[in-house]
Amino acid sequence: MPEMNISKKLSRWSLEDAREVGHVLVIRCGLCNITRRFLPGDILKLRKNTTLNRLKFVCQKCDKGTYIDVNVYYPSAGDIGKLPIRRLAGIRDVRMPIWRDETL
């Protein structure tokens, strides 16, 4: 049986579905050729549940989002202990002052 088109597969899968079956999100920047892997459960802590084709990422190295490619990967038994995955260590809220102009 032929392999399913990846865009159709991503439009049907949500972050919650990928988390339930144990998939890993593979995010690749085509400009600087960096591949990062994330667990869908960590992404769910930052964003609401959405389909995988609607996820928008920005490369942390080149700061561009136009070259980002999102795929899913099911890790095999040989990948356990060898596959580098980025985990969410914490969420930092940035406090930024908001100014308004007034006249005396």
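Worth a mention:
- The residue pairs whose first member lies in region 83-104 and is under 28 Å from Leu46 (Cβ atoms), whose second member is β-branched (Val, Ile, Thr) and not in a loop (DSSP other than H, G, I, E, B), and whose beta carbons are closer than 8 Å, counting only pairs six or more residues apart or on different chains, are Leu83/Val24; Ile85/Val24.
- Of the candidates Leu88, Leu55, Leu10, the single residue that is out of contact with any helix residue (DSSP H, G or I) (no Cβ under 6 Å at 6 or more places or on another chain) and among the aliphatic types (A, V, I, L, M) is Leu55.
- Region 16-42: number of residues that are without any contact (Cβ under 8 Å) to a residue 40 or more places away in the chain and within 13 Å of Arg87 (Cα to Cα): 2
- Residue in region 38-46 that is crowded, with 18+ Cβ neighbours inside 10 Å, out of contact with any Phe, Trp or Tyr (no Cβ under 7 Å at 6 or more places or on another chain) and among the β-branched types (Val, Ile, Thr) present: yes
- Considering (1) out of contact with any strand residue (DSSP E or B) (no Cβ under 7 Å at 6 or more places or on another chain); (2) hydrophobic (A, V, I, L, M, F, W, C); (3) touching a residue at least 12 places away in the same chain (Cβ under 8 Å), the lone condition that Ile80 does not fulfil carries the number (3).
All of the numbers you see were taken from the coordinates with simple rules; none came from a lab. None of the values given here were measured: they were computed from a predicted structure. When we count neighbours, we look across all protein chains shown, and the Cβ atoms used for this are built from the backbone with ideal geometry, even at glycine.
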